[in-house]
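Novice: Quick one: this structure, given as structure tokens, is what I'll be asking you about.
Taken together, the values in this text are just the output of simple stated rules run on the coordinates, not laboratory data. Only a predicted model underlies this, so the values are computations on that prediction, with no experimental measurement involved. FYI the Cβ positions are ideal-geometry reconstructions off the backbone, even for glycines, and counts take in every protein chain you see.
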Amino acid sequence: MRKNLNVIAAYSIMMGLIVLVGIFQSWNIALSIFNLCLISAVMTMGANIQWGYAGLINFGIMGYTALGGLAAVLISVNPVQEAWSAGGSNILFSLFLIVGMVLAVRYVLKKYEKTQKRTYIISTIIILGIIIIRFVSEPGIEAIEEVDPAKTGFLGGLGLPIIFSWIVGALFAGGLAFVIGKVALGLRADYLAIATLLISEIVIAIIKHEDWLTRGVKNVIGLKRPAPYEVNLQQTEWFINLVEKFNLSKLNLISDFAERQAALNQFVIEGSSVFVKLCYSGLFLIVVIILLILTQKALYSPWGRMMRAIRDNEEAANAMGKNVVKQHLLIFVLGSAIVGIAGAMLVTQDGLFTPGSYRPMRYTFLIWVMVIVGGSGNNFGAILGGFVVWFLWIESAPIGLYLVNLTTAGLDDAHFLKVHLIESVPYFRFLMMGAGLLLIMRYRPKGILPEKIEIK
Amino acid sequence: MDFVNAIILLLNYIFVPALAYGSQLALGAIFVTLIYGILRFANFATGDMMSFGTMFTILFTWYFQSVGIGLGFLPTALLAIPFAIIFMIGYMLLIDKFVFKYYRVSKSPPVQLAMVSIGVMFVTQAVVRIIIGPSDRRFFDGEKFLIKAGEFKEMTGLNEGLAIKSTQVITIFVTLILVSTLFWFLNKTKTGKSMKAYSDNEDLALLSGIDPKKIVMITWIIAGILATIGGALYGLDKSFKPFTYFNNMLPIFAAAIVGGIGNPFGAFLGGYVIAFSEILLTYAYRKFFMYILPESMEPGGLVQLLSTDYKFAVSFSILVIVLLYRPSGIFKGKVL
């Protein structure tokens, strides 16, 4: 108990802050912050597994998040029959060709020694393959994108409940990570960072511009929900009764019946969106707890010890007969898969998929700030980092506004400096994140909750 | 005649824009490579440092415009750049003193320095947005075109026009002057040679009495000059928007690595490699083939290898291929 005191203290302060937001701003805001904190926590856990356990630097978090989101679309949206009949066969045939091309390249790689001739053969296969695939897929893609472009214009998905996408998102992200890992894991740390960052940009470019698959920048809206809809809730008997019970003391103060009814309606409307958010919080909390249990178990298992050994001294671990390359690939895939889950969760909560919103600042660098601030190598630290940083990211605008008003209190309201500063309040969050990161790295380089390995 | 038309077409749409864009990338890439070679970390704040320098250029341009100082047909920004550079160097040295120095002295691993540079990136981005705002700004004034498409057509009697923007010419000229001075400095002067020595082997350089503090300071000064000029030229040619500058960091990194990181000359050429391949692969060649081929063989489609949406993706793919097959870059930089 004593040795976990700092963990408990840090988490209670965090929860207290969110409750304060609930009391002073509104419970709606508090819960939406809490939900995104949970999602950020999942992302941070993924990055923490790679960085904290194994020392692998992965700046491609944005790409995996987007793939998770893509999974949500492909699982939950109903299939567009016309589009399938218009161009489905071409797409399937191209897919078949891609698989064939990959197999051919693999065959050549296995069969022949590494010579210049082999490189030429492989590049010929790839270039020819790309030309043929473009030739085959072009009419199909055009046909698909022409099917009711204002509403669909893409193949749609499988029409399954969106919850499944959390698993599929993990598979997608893990698959991508496998390919990237095979290609890039041999690079030195900072090159790996740049390579993963650029590859994630390629992934986003593909998601943004392949309209037949993702609708691209036209966005997919109105995804299915695992939680009830507010409008339906507001009509449900038991829910209205529940809200009435909760607010009985306030309602009883109002004597007039019509007024009381109006107030009750207001409470029901507010309550319904709080209730929906609570549903999401419950689902997300389950994911976070399951992941936390698994990652903690992994951290203290022989495998976790091996990972730390590899991280701290690769050569020594290699000399002890540990397969460093294989373990690096494994942990790269696992961490990315967790980020993929978070991506699917994010789209599930928003109910929409907007490829244009995936930007490295928000989805890669911010997550890294969370990992570093929270404490790399410590799962509780990673989750805390997700909470603290996301909370500050959202609340820095009000805090910034308060500070600006405080420092410029002596100035006239129309003074150009004051107006300018108030207009630029949204950017104080960058300043806060940067300053926070620099201060933590300088004075507490292991994060708020540092890695602590107990030997049992 | 058709053949000349085809050449002019390529010049107008590929060669001139790519040369200008490549020069802008090259300056950024040399900046990245110098920091990497001498201070030994990947600087993720590159794009934002460039936007910081450009911001000062814009502020000074506005000031000069308001008091009525100009350069006639040249953009006022050229006059503003030297003043901006002074501020930029001050900022760079300040950052180094308060942020990077600590990690350099304590010999932190490069990854940690890269993380720190992310912190610097956030702060710089915030400062730029707070001072000048996130919106798109054009600060070009003076004569816009050196040769207008219409005039060129009249002059030569060709079907295709060749338009050359004055910003493109300025970009290429300034880049050539700056880069040749830089190479002269690195290869011929004593300080430049000691910088190279320090980059090659730190311990040996220290043994032979090279002052590391001086090397680091000069590196930041050169970096400040490159970042400001590179950023200002890009802003003059296109427009200034903090977010675009942040994004430009990615092709700049690609250029630096493709050219062989740590090798300034490689970075210089890398910029052009990236720019030319981006534009060559995404240009629609339909009109070009219409001029060149006989009528019966005219192509039906756009004859475009990749849609323009994938412009950035091209440079990143080149980078990935280079990393796979020749990790030290085309012109042999540091081995990974």
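Novice: Distances longer than 18 Å among the Cα atoms of region A:148-210: what percent of all pairs is that?
Specialist: 55
Novice: Related question: Quick one: grab the alpha carbon gyration tensor of the protein assembly as shown, order the square roots of its eigenvalues as a ≥ b ≥ c, and give me rounded if a/c is under 1.5, else prolate or oblate depending on whether a/b is larger than b/c.
Specialist: rounded
Novice: Here's something else I'd like to know. Need the list of lysines near residue B:238 for cross-linking: C-alpha distance under 17 angstrom, and skip anything on the same chain fewer than eight residues off.
Specialist: Hits, sequence-local ones excluded: B:144, B:165, B:311.
Novice: Across peptide A:183-196, how many C-beta atoms of other chains are within 10 Å of each residue C-beta, on average?
Specialist: Mean shielding count: 6.
Novice: Skipping prolines and chain starts, which residues have an amide H placed within reach, meaning under 5 Å, of the one on residue B:165, given they are 5 or more residues away or on another chain?
Specialist: HN-HN under 5 Å from residue B:165: B:146.
Novice: Right, here's the next one. Please list the equivalent ellipsoid semi-axes of region A:80-153, computed as the square roots of five times the alpha-carbon gyration tensor eigenvalues, in descending order and whole angstrom.
Specialist: The answer is 34, 11, 7 Å, longest axis first.
Novice: Where in chain B is the longest stretch that carries no trypsin sites (Lys or Arg not before Pro) classed as loop by DSSP and with at most 14 other Cβ atoms within 10 Å?
Specialist: Result, exposed sites excluded: B:145-331.
Novice: Could I ask something else about it? Anyone know which of B:268, B:44, B:98 comes out most mobile in the 10 Å Cα GNM of chain B?
Specialist: B:98
Novice: Taking only Cα atoms and a 10 Å spring cutoff, compute GNM fluctuations for chain B and point out the largest among B:209, B:150, B:133.
Specialist: Maximum fluctuation in the GNM of chain B, among the listed residues, is at B:209.
Novice: Where does each of A:449, A:171, A:92 land when they are ranked from fewest to most other beta-carbon atoms within 10 angstrom?
Specialist: Listing A:449, A:171, A:92 from fewest to most nearby Cβ atoms yields A:92, A:171, A:449.
Novice: Still on this structure, please answer the following. Taking the mean number of other Cβ atoms within 10 Å as a proxy for protection, how do you rank A:304-317, A:104-117 from highest to lowest?
Specialist: Per-residue Cβ counts within 10 Å, averaged per peptide and sorted highest first, yield A:304-317, A:104-117.
Novice: Still on this structure, I have one more. Sort region B:2-325 into rounded, prolate or oblate with this rule: let a ≥ b ≥ c be the square roots of the eigenvalues of the Cα gyration tensor; rounded if a/c is under 1.5, and if a/c is not under 1.5, prolate when a/b is larger than b/c, oblate otherwise.
Specialist: prolate
Novice: Tell me, what is the Rg over Rh of region B:8-98, with Rh the Kirkwood radius over Cα pairs?
Specialist: Rounded to two decimals, Rg over Rh is 1.07.
Novice: Which aspartates and glutamates, if any, have their Cα less than 15 Å from the Cα of residue B:148, not counting same-chain residues under 8 positions apart?
Specialist: B:160
Novice: Further question on the same structure: How shielded is B:108-116 by partner chains, expressed as the average number of their Cβ atoms within 10 Å of its Cβ atoms?
Specialist: For peptide B:108-116, the averaged partner shielding equals 5.
Novice: Could you work out the mean count of beta carbons from other protein chains within 10 Å of each residue's beta carbon in B:38-46? Don't jump to the answer; show the numbers that get you there.
Specialist: Details: counts 0, 0, 1, 1, 6, 1, 8, 1, 0.
Going residue by residue through B:38-46 and averaging, the value is 2.
Novice: Given an 8 Å cut-off on Cα distances and at least 6 residues of separation, report the relative contact order of chain A as a percent.
Specialist: In percent, rounded to a whole number, it is 30.
Novice: Just check region A:203-320 against the gyration tensor rule for me: Cα atoms, a ≥ b ≥ c as the square roots of the eigenvalues, rounded for a/c under 1.5, and otherwise prolate or oblate depending on whether a/b exceeds b/c.
Specialist: Judged from the Cα gyration tensor, region A:203-320 comes out oblate (a/c at least 1.5, b/c at or above a/b).
Novice: For chain B, modelled as a GNM with alpha-carbon contacts under 10 angstrom, which of B:54, B:244, B:228 fluctuates the most?
Specialist: Greatest mean-square fluctuation among the candidates belongs to B:244.
Novice: Taking amide H positions as placed 1.01 Å from N in the peptide plane, with prolines and chain starts having none, which residues 5 or more places from residue A:408, or on another chain, fall under 5 Å of its amide H?
Specialist: The list, which skips near neighbours in sequence, is empty: none.
Novice: Note the direction-averaged projected area, equal to a quarter of the hull surface, for the Cα convex hull of region A:380-442, in nm².
Specialist: Here the figure is 4.8 nm², rounded to one decimal.
Novice: Let me ask something else about it. With the convex hull built on the Cα atoms of chain A, state its orientation-averaged projected area in nm². Write down the numbers at each step before the final one.
Specialist: Working: hull surface 121.4 nm².
Result: a mean projected hull area of 30.3 nm².
Novice: On a straight-distance basis, which lysines could pair with residue A:110 in a cross-link, Cα separation under 30 angstrom, same-chain partners fewer than 8 positions away excluded?
Specialist: Within reach: A:182, A:322, A:326, B:332.
Novice: Per residue of region B:174-179, what does 6.51 cos²θ - 1.76 cosθ + 1.60 with θ = phi - 60° give for ³J(HN,Hα)? Whole Hz please, x for Gly and Pro, Karplus curve as stated.
Specialist: 4, 4, 4, 4, 4, 5
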